[in-house]
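FYI, it's all coordinate maths here, none of it is from the lab. Note that this is a predicted model, so its numbers are computed, not measured. Cβ sites come from the backbone with ideal geometry, for glycine too, and all protein chains shown count toward neighbours.
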Amino acid sequence: MLRATILEQIKSRSTRRKQLLRTDLDLQLKKHGIHQLIVIGLIAHTCVEATVRYAAELGYEVTMVKDATADYSDEEMHAALDVNIPNYTSAIVTTVEIVDPISSLFTAIGYSLPLPEKKTGLNK
């Protein structure tokens, strides 16, 4: 339950760039033994990039999920994901590459994640 509470705090605080700097998020994460971050978000070349860079500078192992990140243009997305962010991350992955291992981990500890409702021809 403690991790779930921390996850809710992180989710609610991570709506602006540099949340690790402006809040006690860094302290809370380290206090609970969290040293790996998975980053997704909007405006890859500013907000996301700043968060990734600052997290790396604070010593976190950062994983970037490229298909769960967006930007205003392909050019800005390329600059962020292919040029700048790789300098600060330990991995850049897809949602499939990150969701499957996380789901397996939760299953292993006996926690079931709510699955999205499957769409059929009747409930589109």
By residue number, the members of region 76-105 that are closer than 15 Å to Ile38 by Cα, among the hydroxyl-bearing types (Ser, Thr, Tyr) and assigned to a helix (DSSP H, G or I) are Thr95, Ser103
Within region 48-68, identify whether any single residue is among the hydroxyl-bearing types (Ser, Thr, Tyr), assigned to a helix (DSSP H, G or I), within 25 Å of Gln28 (Cα to Cα) and touching a Leu at 6+ places or on another chain (Cβ under 8 Å), and answer yes or no.
yes
Applying the selection to region 39-76, what residues are loosely packed, with under 15 Cβ neighbours inside 10 Å and closer than 14 Å to Ala91 by Cα?
Glu61, Asp67
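Here's the yes/no breakdown for (1) aromatic (Phe, Trp, Tyr); (2) in contact (Cβ under 8 Å) with a residue 12 or more places away in the chain:
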| site | (1), (2) |
| --- | --- |
| Lys31 | no, no |
| Thr51 | no, yes |
| Tyr54 | yes, yes |
| Glu61 | no, yes |
| Asp74 | no, no |
| Val96 | no, no |
| Ala108 | no, no |
